[in-house]
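A.B. asks: Can you read through this structure? Questions will come right after.
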Amino acid sequence: MRIAQVAGVIFDVDGLMADSEPLHRAAWRELGRECGFPTYPEDDRESLGLRVSDNLRRRHAQGRFTQEPSLMLERYHEILIRLIRARLVPKRGLKAALDFVRGQGWRCGTASSGDRVYIDVVLDVLGIRASFQAVATGDEVVEGKPHPALYLLAAERLGVPPPDCVALEDSPRGVASAKAAGMRCIAVPEGTRVIAEADAVCESLPAARDVLREWSQGAR
């Protein structure tokens, strides 16, 4: 089946472009120790693709802690940014994927559930800020993923209609968000995550680049 042209590619950030999920887990553990709330093994699954602000409000409602979520969020970002600056590494094949998008003449953006305060740091630490014509972050929309607002904002800033955008995602919430926005989506999940809604599922960014190449030639 022929598909619409590719004119824009929108990347998720955490877990897709950078190996940042271990840093988020470390930040949660440190915040929990400081503020006296426990973390549980199921928290990682519950939190995948969820905005930190939404996660904190949910935990507050569950009685995990009594402090104001806004103050907890500020402290979380302080911890996370310190870890990012010290330990963040890109995912294998990221630079080649970005170079491929640029070589095709496509517009390139990000749509991350993360807040701008630390996404800016991620882009700087990875040295890839210049690759993107648009950055959209979770604190800029009312509803986070899986709502389509974040991907629609990224497409608007790119100046590309959503059907001509391809999203690259690693979480079920993120894939659902991109699909709800009317985009095609390539999933590059961690480990054994199952993401049935994606138009393609790849084990790595180099494999996702190959799918983009096929789609650019009008094949699927």
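A.B. asks: So what does log10 I(q)/I(0) come out to for segment 149-220 at q = 0.11, 0.12 Å⁻¹, using the Debye formula with one equal point on every Cα and no solvent?
C.D. replies: Here the Debye-derived log intensity ratios amount to -0.25, -0.29.
A.B. asks: Would you kindly state how much longer the chain becomes between D124 and R193 on full extension, computed as 0.36 nm times their sequence separation minus their alpha carbon distance, in nm to one decimal? Don't jump to the answer; show the numbers that get you there.
C.D. replies: Values: separation 69, 0.36 × 69 = 24.84 nm, distance 2.87 nm.
Fully extending the segment from D124 to R193 adds 22.0 nm.
A.B. asks: OK, next. Along its principal axes, what span do the Cα atoms of segment 108-173 show, with the longest given first and each in whole Å?
C.D. replies: Dimensions of segment 108-173 along the principal axes of its Cα atoms: 30, 22, 21 Å.
A.B. asks: Still on this structure, please answer the following. Counting Lys +1, Arg +1, Asp -1, Glu -1, what net charge surrounds A178 among other residues with beta carbon under 12 Å of its beta carbon? Mind dumping the intermediate values first?
C.D. replies: Numbers: positive: K145, R173, K179, R184; negative: D12, E169, D170, E197, D199.
Net of charged neighbours comes to -1.
A.B. asks: Taking a quarter of the surface of the convex hull around the Cα atoms of the chain, what do you get in nm²? Mind dumping the intermediate values first?
C.D. replies: Values: hull surface 44.8 nm².
Its Cα hull, projected and averaged over all orientations, spans 11.2 nm².
A.B. asks: Now for a separate question. At R0 = 22 Å, how high is the FRET efficiency between E140 and S70 if r is their beta carbon distance? Nearest 0.05 is fine. Before the final figure, lay out each step's value.
C.D. replies: Values: r = 17 Å, r/R0 = 0.76.
It comes to 0.85.
A.B. asks: With each run of n ≥ 4 DSSP H residues scored as -39500 (n - 2.57), what mean residue ellipticity at 222 nm is computed for the chain after dividing by its residue count and rounding to the nearest 500 deg cm²/dmol?
C.D. replies: On the way: 9 runs with 101 residues, N = 220.
Here the helix-only value at 222 nm equals -14000 deg cm²/dmol.
A.B. asks: Next up: Find how many whole Å separate the alpha carbon centroid of segment 13-36 from the alpha carbon centroid of segment 145-174.
C.D. replies: Their Cα centres are 24 Å away from one another.
Every number in this text was worked out from the coordinates using simple rules, so none of it is lab data. This one's a predicted model, so the numbers in the text were calculated from it and none came from an experiment. All Cβ positions, glycine included, derive from the backbone under ideal geometry; neighbour counts span all protein chains shown.
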